[in-house]
Structure formats: structure tokens, C-alpha cells
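Student: Okay, handing you the structure first.
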Amino acid sequence: MLSARLPCRFEIVSTMQMTVGFSHFVGQPPMQYLTQWRMQAAATLLRESRAPVASIALDVGYESEAAFTRAFKRQVGKPPAAWRRSQNTAAALKS
């Protein structure tokens, strides 16, 4: 039996308090930050790999290619496959 008692303090923080604190510390709300992080990771994978879009969608945390495609288009302005082609074309022109 453990006889030493350690001081323990639990704070209950509401979702709103957590969101406000996160936003203050990071500069944007948690879901916006997560979406931006996912899109940056996806862009890197699209640019640097030949993995299918569906595979990249799963890799960055989306459960479906359709949901990922909608989110990517909303953030970047083009669907992932079209964005990948434009990146490959731009890289080929630079060479």
C-alpha cells in the first residue's frame, strides 16, 4: 500500500475557456489550427510523393477522400489532384 500522499490539483476547464486560451497562445482557434496543419502536411505529401489522394487523406486524419478533397479545396482553392498537377508543372518549368 502506498502511504505517501502527493498534492493533486485538478482544474475543470470548459471547452470555451480552452478555446480562448488556445487561441490566445497560438493565434487561431484549435480547429482552424488543426485544419491548417493538416493541409500543410497534405501539401508536402502531394508534392513529394506519388501516394494516391485517398491515402494522403487518411495519413493527415480524414476518414474519407471526399471530406479531404472538400477541405483542401476550401483552404487551397483547388482540389488536391489539380493542385498536385499544378505543382508538378511549375517544378518542371523551373528545371
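Student: Output the number of the condition that R50 fails; it satisfies all remaining conditions of (1) more than 20 Å from M31 (Cα to Cα); (2) in contact with a helix residue (DSSP H, G or I) (Cβ under 9 Å, 6 or more places away or on another chain); (3) part of a loop (DSSP other than H, G, I, E, B).
Tutor: Failed condition: (2).
Student: Is it the case that R70 is modelled with pLDDT of 95 or more, of a type in the set (K, R) and surrounded by fewer than 16 Cβ atoms within 10 Å (Cβ to Cβ)?
Tutor: yes
Student: Which members of the range 57-67 meet the condition of being out of contact with any Asp or Glu (no Cβ under 9 Å at 6 or more places or on another chain), farther than 16 Å from Q32 by Cα and either surrounded by 15 or more Cβ atoms within 10 Å (Cβ to Cβ) or of a type outside the set (S, T, N, Q) (or both)?
Tutor: D59, E63, E65, A66
Student: Would you check if there is a residue in the range 69-80 being under 19 Å from T35 (Cβ atoms), in contact (Cβ under 8 Å) with a residue 40 or more places away in the chain, in a helix (DSSP H, G or I) and more than 15 Å from the chain's Cα centre (by Cα)?
Tutor: Checked the range 69-80: no residue is under 19 Å from T35 (Cβ atoms), in contact (Cβ under 8 Å) with a residue 40 or more places away in the chain, in a helix (DSSP H, G or I) and more than 15 Å from the chain's Cα centre (by Cα).
Student: Which one of these is modelled with pLDDT under 95 and surrounded by fewer than 18 Cβ atoms within 10 Å (Cβ to Cβ): A41, A90, A54, A82?
Tutor: Residue meeting the stated conditions: A90.
The values are calculated or read from the model by the stated rules, or taken from the named source; none is laboratory data. Just so we're clear, the structure is a prediction, and the values are computed from it rather than from any experiment. Note that each Cβ is placed from the backbone with ideal geometry, even for glycine, and that neighbours are counted across all protein chains shown.
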